[in-house]
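Read through the structure below, which is laid out as structure tokens, and then see the notes.
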Amino acid sequence: MTASKSVAKSPSRNRLTPIKETIRTIRGYPSKLIIFKTDASRYFWTRIYFNNRYHYKSSKTESLSDAKKFATKFYEQILVTASTEKKSDTTKSFAVVSNRYFKSVEKTTTQTVHRTDLSRYKNDILPVFGEQEVDTITNAQVSVLINRLKERDLSVASIKHYLVVLRKILKFAVANDLMQHIPLFPQVKGRLVTAQKRDYLTQEEYEELVASAEKLAKEEVIERGVLITDEIKYLIQFMVNSFIRPSDIRVLKHKHIKKMKEGKDEWLVLNHPATKTNATEVQAMPASVHIYDKLVEFKKSKNMRLGLDEYVFLAEYSNRNTAMEVLGRLFRRILEESLIEEKTGKNITLYSLRHTSIMLRLVIGRVDSLALARNARTSQQMVDKFYASHLTTQHVRKQLHAFPEAEEKARIASAKKAAKKSSTPRKVTKKTTNPIKSATKTTKTRTGTTRNSSKTVR
């Protein structure tokens, strides 16, 4: 007989019981939010105590830094989606009130403003106030938010935008009898810098950038797993010839583009949704027609998406945030290839293409600044403060010295002269011939003899 072996079992532990030495808190977030490891999993777990109970979720990662990022997102998700139906004191939670505020204004504010405000709230405001009741927020706690933003080296103007979002939420709380009054906000000290010069590309630099894009596309260069193709070259050209913002690329679809023709003139009209200010029609430059046609031809050759409801650029990315991130990386790679920043010291971004578009019209065009601003979906003041900040009198000397009426008369006179010259009959030099020989035409036969080609007059 074989003796049976008895194995002593250790006391079972809860699979979510943290291993003490693995517990970590996250800087800037409440101590109730932690990440930890357990005996039951190799992954980090995250835990938050909210609304009188614990919320758990696995991060599905063994990386500490990735687990912390996951935990902050989970924390925000718990607070933003918290139930507002309970009648306990948790209904005064800043997270719950904020959630109600954003839902209430979702349909009454523009999509861009709502998205921007929500992003500021989730990234920086929510981690500071989180579960705190709105009627207990003080001036000192608002200062904590300001200091957090200053640590990120944000400008005074940007910090004030965050405070505007916070004030909107607190006003909503007052309007719904959740607090009596808004606390006095600390003064944000510092000089507002509003008239910054924004770099643009000269005509030569623009051509260098396009050439670099074309070169990398031919060499089939891959940037972080994404192939650089001619589509990015066409995107650069299209932006410079259509005045659009990078944010417009997020929403621009083929159905928003219409070809127009008047006589020999051809151009594109863009009527995409507003991404910043207004949704006036944009009259693109004539060159945009050829660029768009080449883009469509390229997409057809690659069997890429081309439906009217498809995005014009990077249509394969339904997540437009991802599309813009990819575009930013590809543009930086092309810019590095061109060496423009190294040669000039300029700070060129994707937005610089819009600045280039407007500056080229001011420098080589003869367009009224109001008309230009309207077409670019901005204001004259913005054109003067930002886009035209590099404009000098040397740039516009020819325009300053021009006399439109005199030039028009000279142009008409030149056209008439050219037309008259082209209609004058060409002078033909007459050869002197023998009248008798010319009376009859002779032709050579195959044998070399001559034959009379007309009847002999007797």
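Quick check on Ile182: is it of a type outside the set (Asp, Glu) and under 23 Å from the mean Cα position of the chain (by Cα)?
Details: of a type outside the set (Asp, Glu): yes; under 23 Å from the mean Cα position of the chain (by Cα): no.
No: the conditions fail for Ile182.
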Filter the range 26-55 down to residues that are closer than 25 Å to Phe94 by Cα, open to solvent by 80 Å² or more (accessible area, probe 1.4 Å) and assigned to a strand (DSSP E or B) and give me whichever is modelled with the highest pLDDT.
Tyr54
Could you pull out the residue among Pro186, Pro246 that is closer than 30 Å to Ser93 by Cβ and open to solvent by less than 40 Å² (accessible area, probe 1.4 Å)?
Pro186
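Suppose we filter the range 221-243 for residues that are among the hydrophobic types (A, V, I, L, M, F, W, C) and surrounded by fewer than 17 Cβ atoms within 10 Å (Cβ to Cβ); how many remain? Full working, then the answer.
Step one: of the range 221-243, the residues among the hydrophobic types (A, V, I, L, M, F, W, C) are 221-222, 226-228, 232, 235-236, 238-240, 243.
With the extra rule that they be surrounded by fewer than 17 Cβ atoms within 10 Å (Cβ to Cβ), the set shrinks to 221-222, 226-227.
So the answer is 4.
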Let me confirm something: among Ala323, Ala376, which residue is over 13 Å from the mean Cα position of the chain (by Cα) and within 21 Å of His256 (Cβ to Cβ)?
Ala376
Residue among Phe185, Phe129 that alone is among the aromatic types (Phe, Trp, Tyr) and closer than 25 Å to Asn51 by Cα:
Phe129
Going residue by residue through the range 163-171, is there one that turns out to be touching a residue at least 60 places away in the same chain (Cβ under 8 Å) and over 28 Å from Thr275 (Cβ atoms)?
no
Looking only at the range 326-341, count every residue that is over 16 Å from Leu227 (Cβ atoms) and open to solvent by 30 Å² or more (accessible area, probe 1.4 Å) and tell me the total.
3
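Can you tell me which residues in the range 312-325 are assigned to a helix (DSSP H, G or I) and either basic (Lys, Arg) or open to solvent by 60 Å² or more (accessible area, probe 1.4 Å) (or both)? Outline the logic, then answer.
Residues of the range 312-325 that are assigned to a helix (DSSP H, G or I), as a first pass: 320-325.
Correct list: Arg320, Asn321, Glu325.
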Residues in the range 109-147 that are over 16 Å from Val164 (Cβ atoms) and either in contact with a helix residue (DSSP H, G or I) (Cβ under 9 Å, 6 or more places away or on another chain) or assigned to a helix (DSSP H, G or I) (or both) total 15
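Taking the stated definitions as given, is Val142 buried (at least 20 other Cβ atoms within 10 Å of the Cβ), more than 19 Å from Phe102 (Cβ to Cβ) and in contact (Cβ under 8 Å) with a residue 24 or more places away in the chain?
Working: buried (at least 20 other Cβ atoms within 10 Å of the Cβ): yes; more than 19 Å from Phe102 (Cβ to Cβ): yes; in contact (Cβ under 8 Å) with a residue 24 or more places away in the chain: yes.
So Val142 fits the description; yes.
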Failed item in (1) closer than 30 Å to Gln380 by Cα; (2) touching a Ser or Thr at 6+ places or on another chain (Cβ under 9 Å); (3) open to solvent by 30 Å² or more (accessible area, probe 1.4 Å), with Pro286 passing the rest:
(2)
So which pairs qualify, if the first residue must be in the range 86-98 and under 18 Å from Ala175 (Cβ atoms) and polar (S, T, N, Q), the second must be surrounded by fewer than 18 Cβ atoms within 10 Å (Cβ to Cβ) and at pLDDT below 50, the Cβ gap must be under 8 Å, and the two must be at least 6 apart or on different chains?
Thr91/Thr84
Meets criteria (more than 28 Å from Val383 (Cα to Cα) and more than 19 Å from the chain's Cα centre (by Cα)) for Met304:
yes
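With the condition being of a type in the set (Gly, Ala, Ser) and in contact (Cβ under 8 Å) with a residue 60 or more places away in the chain, I'd like the helices (runs of 4 or more DSSP H) fully within the range 194-310 carrying at least 3 qualifying residues. Give the derivation first.
On the way: elements: 203-218, 230-240, 246-251, 287-301.
Once the helices (runs of 4 or more DSSP H) in the range 194-310 are filtered for at least 3 residues that are of a type in the set (Gly, Ala, Ser) and in contact (Cβ under 8 Å) with a residue 60 or more places away in the chain, what remains is 203-218.
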What about Asp153, is it farther than 17 Å from Arg120 by Cβ, open to solvent by 40 Å² or more (accessible area, probe 1.4 Å) and either modelled with pLDDT under 90 or not hydrophobic (A, V, I, L, M, F, W, C) (or both)?
no
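The values are calculated or read from the model by the stated rules, or taken from the named source; none is laboratory data. All values reported here derive from a predicted model rather than from experimental measurement. With ideal geometry, Cβ positions are generated from the backbone for all residues, glycine too; neighbour counts draw on all protein chains shown. Note: areas computed on protein heavy atoms with side chains; ligands, DNA, RNA excluded. Shrake-Rupley method; radii C 1.70, N 1.55, O 1.52, S 1.80 Å.
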